[in-house]
Amino acid sequence: MKVLVTVKRVPDPETTIRVKSDGSGIETDNIKYVINPFDEIALEEALRIKEKLGAGEVVLVSIGDSVVTEQLRTGLAMGADRAILVGCDQDLDSLAVARILAKIVEDEGPQLVLMGKQAIDDDANQAGQMLAALLGWPQATFASEVVLSDDQQAVKVTREVDGGLETIGFALPGIITSDLRLNEPRYASLPGIMKARKKEIKEVAAADLDADMSPRLTINSLEPPTQKEAGKKVETVEELIGLLHDEAKVI
Amino acid sequence: MDFQLTDEQEEICKQVRALCSRFPDEYWRERDESGEFPWEFYQAIADGGWLGITIPREYGGAGLGITEAALVMQTVAECGGGTQACSAIHLGIFGLEPLIKYGTQAAKDKYLAPILRGDIHVSFAVTEPDAGTNTTQISTFATRSGDGYLINGQKVFITKAQESKKMLLLTRTTPFDQVEKKTLGMSLFFADIDPEAVEIQELHKLGRKAVDTNMLFIDNLYVAKEDLIGEEGRGFYYILDGINPERILIAAECVGMGKRAIERAVQYAKEREVFGRPIGKNQGIQFPLAESFAKLETAELMVQKAASLYDQGQPCGKEANISKYMAAEAACEAADRAIQAHGGYGYIKEYDVERYWREARLFRIAPISQEMVLNYVGEHVLGLPKSY
Ligand SMILES: Cc1cc2nc3c(=O)[nH]c(=O)nc-3n(C[C@H](O)[C@H](O)[C@H](O)COP(=O)(O)OP(=O)(O)OC[C@H]3O[C@@H](n4cnc5c(N)ncnc54)[C@H](O)[C@@H]3O)c2cc1C
Ligand SMILES: Cc1cc2nc3c(=O)[nH]c(=O)nc-3n(C[C@H](O)[C@H](O)[C@H](O)COP(=O)(O)OP(=O)(O)OC[C@H]3O[C@@H](n4cnc5c(N)ncnc54)[C@H](O)[C@@H]3O)c2cc1C
């Protein structure tokens, strides 16, 4: 079974993000980048499916300029078989991403596309859904469990919905987007890193894919969250209750 | 000259950092308190294939150089594990070189795979009560007996003897007064730590409690002939081969630990307010930290130079020794200054920096003392007369 996994390069959640003073974007100096954590979970799931079947292929795809090679190498070191880098140096909105991915899917013909439910940089949560619509494929978003049928023709996916779990099924091919609790991704091993050196990263230019990438969204401005004020220490419970009542007006 | 890490080296550091993030400060603090060996950490390193980093690929390792091994060790120390983490894996990372280079095929086939998996630990048994710095004075003796040897004697400061099944054991096979040259007549064995013949007594140390260091009383320990490494009588030279890489790795560990101490001090100095402002605003706090950082960066450069020379098969005695000297000094000073910046809290275990201070102190003494490094530089680099 061939599984396509999408990989987006995003700022490391551990780094402090600073918004540029003119609000046009974030300061990118000294920022470390990682694979979008939800994509890492998607990749882990793909690797587990392949390991369980004892056969198959896990193919990574990332869109961006040559720096995303770093994230693709990490994914290959985790165990993916090969990667596709769609070269593109313009900012893309979710629909343009989905259109590019649709072309890659048509070309590669995977039975399953595993994606993160959202990227932690723009939190858009729509590329998976849009891709499913463009392809006319079934989709299961927010997956917390994926079970492949014995004949490998269908999947059952448990989804985390408000207040509970929903289990749905569909016939492959289809699209699954991962939620946080789907699995815990592995770390790349040293032999994995060594093997990744020899794995193929195929480069294609987004412009050659005949996908409509015209922007439909513009980012008007970014603002950092408001600074939290320092807390206050109180001496007694009475004082606390007084402040909650008079100052915070919550009781 | 190229000071840029390759993509693969960057990836190695990144993945080691990710692995270490599973072992937070509390883990190492707790080990330092209980003295329990960091099994979980050790196993995670073995599972990740990291123990085989310098082992040739034909034996299942990654076949990388000391440059990469040093990056791994620096990263492990820098992530907060300090010497408890580094010493737990140090020997697996490099110390098997004599076995790989000079051991019998049978021994290699039998032991390398389980060592890489983390199933067999190995100790390095050289130092004796009457032979520390002056290794040639060892008196532990191996007498031929049947198809092998019977060994008797005493070793001291043997790290990880309690976890280890095997040890690289240096003994005399010709008494000191019967050899032409004092460095001859010693043999290296890949011996069992057989509880019937080896009594182990733990030493209580200043730091690094989780990784035991012991006295060994060896009484009629039998070693088969196939476990003699290389030729009889040449054991000292096999050990000499490994001392430069060992010094480079120790230096890398010191750089990592020192950087960790400074990072913690900087973080604290930004947050702690005294006299209405963060203490880091005072030059009295800021300058010592900045200076220590500068020294650590410089030591790191020497580590990388030494490692790079070694990996290219060039002589690196000068660089390896100097890197160990500078890194040990820089780490001790950095840890001391980190305590100082923390004020009274630096003296308290919850703040971790006192642990780095206790741990870093070891490297002014072992595996070679600072004095002996200076002897080396004085005599072999500067060409001054031998002072001892
Ligand atoms: C925690 C720990 C773990 C260790 N682990 C191991 C291990 O696993 N395996 C192993 O074999 N060994 C191990 N060692 C031993 C270590 O290598 C020795 O402690 C070290 O080589 C010094 O030997 P010594 O302690 O006998 O000091 P000594 O040789 O007695 O030296 C004492 C002091 O005199 C100084 N000195 C000696 N000669 C001269 C000179 N000519 N000029 C100037 N100064 C001189 C030394 O620098 C030192 O400061 C360990 C030691 C420690 C503390
Ligand atoms: C084991 C132990 C026992 C103790 N026993 C007692 C006791 O019995 N009774 C008691 O009352 N206290 C006790 N203390 C507290 C001790 O007196 C304080 O730790 C000490 O006064 C420093 O205060 P601090 O720890 O809050 O450090 P801080 O005031 O937070 O200082 C942190 C660091 O910043 C530096 N710093 C601060 N301001 C400046 C500046 N303007 N310029 C340059 N540097 C600056 C300090 O020198 C220090 O290095 C004890 C502490 C310890 C560790």
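The values are calculated or read from the model by the stated rules, or taken from the named source; none is laboratory data. Please read all numbers here as calculations on a predicted model, not as lab measurements. Every residue, glycine among them, receives a Cβ derived from its backbone with ideal geometry; neighbour counts consider all protein chains shown. Accessible surface areas use protein heavy atoms only, side chains included; no ligands, DNA or RNA. Shrake-Rupley method; radii C 1.70, N 1.55, O 1.52, S 1.80 Å.
Check the stretch B:27-46 and report whether any residue there is crowded, with 21+ Cβ neighbours inside 10 Å, free of Cβ contacts under 8 Å to residues at least 24 places away in the same chain and within 13 Å of another protein chain (Cβ to nearest Cβ).
No: the stretch B:27-46 contains no residue that is crowded, with 21+ Cβ neighbours inside 10 Å, free of Cβ contacts under 8 Å to residues at least 24 places away in the same chain and within 13 Å of another protein chain (Cβ to nearest Cβ).
Going through B:ARG22, B:ARG117 one at a time, which residue ends up being under 26 Å from A:VAL34 (Cα atoms) and within 14 Å of chain A (Cβ to nearest Cβ)?
After applying the criteria, what remains is B:ARG22.
Based on this model, can you work out whether B:GLN370 counts as away from ligand 2 (no atom under 16 Å from the Cβ), surrounded by fewer than 22 Cβ atoms within 10 Å (Cβ to Cβ) and without any contact (Cβ under 8 Å) to a residue 24 or more places away in the chain?
No.
With (1) within 13 Å of chain A (Cβ to nearest Cβ); (2) out of contact with any strand residue (DSSP E or B) (no Cβ under 8 Å at 6 or more places or on another chain); (3) in contact (Cβ under 8 Å) with a residue 24 or more places away in the chain as the list, and B:ARG57 as the residue in question, which single condition is left unmet?
(3)
Could you tell me whether the stretch B:261-278 includes any residue that is open to solvent by 20 Å² or more (accessible area, probe 1.4 Å), in contact (Cβ under 8 Å) with a residue 24 or more places away in the chain and in contact with an Asp or Glu (Cβ under 6 Å, 6 or more places away or on another chain)?
The answer is no, given that none of the residues of the stretch B:261-278 is open to solvent by 20 Å² or more (accessible area, probe 1.4 Å), in contact (Cβ under 8 Å) with a residue 24 or more places away in the chain and in contact with an Asp or Glu (Cβ under 6 Å, 6 or more places away or on another chain).
Counting just the residues of the stretch A:150-198 that are of a type in the set (Gly, Ala, Ser) and surrounded by 15 or more Cβ atoms within 10 Å (Cβ to Cβ), which one comes out nearest to A:ILE41 (Cα to Cα)?
Selected residue: A:SER178.
Are any residues in the stretch A:102-123 within 12 Å of A:LEU135 (Cα to Cα) and among the small types (Gly, Ala, Ser), and if so, which ones?
Matches in the stretch A:102-123: A:ALA102, A:GLY109.
Mind telling me which of the residues B:TYR388, B:TYR310, B:TYR325 ends up being part of a loop (DSSP other than H, G, I, E, B) and touching a residue at least 12 places away in the same chain (Cβ under 8 Å)?
Of B:TYR388, B:TYR310, B:TYR325, the one residue that is part of a loop (DSSP other than H, G, I, E, B) and touching a residue at least 12 places away in the same chain (Cβ under 8 Å) is B:TYR388.
Let's see how each residue does on (1) among the charged types (D, E, K, R); (2) part of a helix (DSSP H, G or I); (3) open to solvent by 10 Å² or more (accessible area, probe 1.4 Å):
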{"residue": "B:VAL76", "(1), (2), (3)": "no, yes, no"}
{"residue": "B:CYS79", "(1), (2), (3)": "no, yes, yes"}
{"residue": "B:LEU99", "(1), (2), (3)": "no, yes, no"}
{"residue": "B:LEU112", "(1), (2), (3)": "no, yes, no"}
{"residue": "B:ILE115", "(1), (2), (3)": "no, yes, no"}
{"residue": "B:ASP119", "(1), (2), (3)": "yes, no, yes"}
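What do you reckon, is B:GLU128 touching a helix residue (DSSP H, G or I) at 6+ places or on another chain (Cβ under 6 Å), within 16 Å of ligand 1 (Cβ to nearest atom) and under 30 Å from B:ASN220 (Cα atoms)?
no
Select from the stretch A:19-39 the residues that are open to solvent by 20 Å² or more (accessible area, probe 1.4 Å) and closer than 14 Å to A:ASP121 by Cβ and list them in ascending order.
Hits for the stretch A:19-39 are A:VAL19, A:ILE26, A:GLU27, A:THR28, A:ILE31, A:LYS32, A:TYR33, A:VAL34, A:PRO37, A:PHE38.
Give the stretch A:20-76 a look and list any residue that's acidic (Asp, Glu) and in a helix (DSSP H, G or I), or say none.
Of everything in the stretch A:20-76, those that are acidic (Asp, Glu) and in a helix (DSSP H, G or I) turn out to be A:ASP39, A:GLU40, A:GLU44, A:GLU45, A:GLU51, A:GLU70.
For B:CYS79, state whether it is in contact with a Lys or Arg (Cβ under 7 Å, 6 or more places away or on another chain), closer than 24 Å to B:GLY207 by Cα and within 13 Å of chain A (Cβ to nearest Cβ).
Here the answer is yes, as B:CYS79 does meet what is asked.
Quick one: in the stretch B:373-388, of everything that is under 20 Å from B:PHE363 (Cβ atoms) and among the hydrophobic types (A, V, I, L, M, F, W, C), which residue is farthest from ligand 2 (Cβ to nearest atom)?
Of everything passing the filter in the stretch B:373-388, B:VAL377 is farthest from ligand 2 (Cβ to nearest atom).
Quick one: is A:VAL147 open to solvent by less than 40 Å² (accessible area, probe 1.4 Å) and either of a type in the set (A, V, I, L, M) or part of a strand (DSSP E or B) (or both)?
Against the criterion (open to solvent by less than 40 Å² (accessible area, probe 1.4 Å) and either of a type in the set (A, V, I, L, M) or part of a strand (DSSP E or B) (or both)), A:VAL147 does not qualify.
Among the residues of the stretch A:199-251, count how many are under 30 Å from A:ALA98 (Cα atoms), among the hydroxyl-bearing types (Ser, Thr, Tyr) and open to solvent by less than 80 Å² (accessible area, probe 1.4 Å).
Of the residues in the stretch A:199-251, 2 are under 30 Å from A:ALA98 (Cα atoms), among the hydroxyl-bearing types (Ser, Thr, Tyr) and open to solvent by less than 80 Å² (accessible area, probe 1.4 Å).
With the checklist (1) in a helix (DSSP H, G or I); (2) open to solvent by 20 Å² or more (accessible area, probe 1.4 Å); (3) more than 23 Å from B:ALA334 (Cα to Cα) in hand, flag the one item B:GLY63 doesn't pass.
(1)
Kindly evaluate B:GLU273 against the criterion of being assigned by TED's automatic domain parsing to the domain that holds B:ARG358 and within 15 Å of ligand 2 (Cβ to nearest atom).
yes
Within the stretch A:171-184, is there a residue that is in contact (Cβ under 8 Å) with a residue 24 or more places away in the chain and within 14 Å of another protein chain (Cβ to nearest Cβ)?
Yes, that holds for at least one residue.
What's the number of the only condition in (1) of a type in the set (S, T, N, Q); (2) surrounded by fewer than 24 Cβ atoms within 10 Å (Cβ to Cβ); (3) at pLDDT 95 or above that B:GLN84 fails to meet?
Failed condition: (2).
Please determine whether any residue of the stretch B:343-356 is modelled with pLDDT of 95 or more, open to solvent by less than 30 Å² (accessible area, probe 1.4 Å), within 19 Å of the chain's Cα centre (by Cα) and within 16 Å of ligand 2 (Cβ to nearest atom).
Within the stretch B:343-356, one or more residues are modelled with pLDDT of 95 or more, open to solvent by less than 30 Å² (accessible area, probe 1.4 Å), within 19 Å of the chain's Cα centre (by Cα) and within 16 Å of ligand 2 (Cβ to nearest atom).
Within the stretch A:124-135, can one find any residue that is in a strand (DSSP E or B), open to solvent by 40 Å² or more (accessible area, probe 1.4 Å) and touching a residue at least 12 places away in the same chain (Cβ under 8 Å)?
No; the residues of the stretch A:124-135 include none that is in a strand (DSSP E or B), open to solvent by 40 Å² or more (accessible area, probe 1.4 Å) and touching a residue at least 12 places away in the same chain (Cβ under 8 Å).
Can you tell me which residue among B:GLY346, B:GLY378 is more than 14 Å from ligand 1 (Cβ to nearest atom) and part of a helix (DSSP H, G or I)?
B:GLY346
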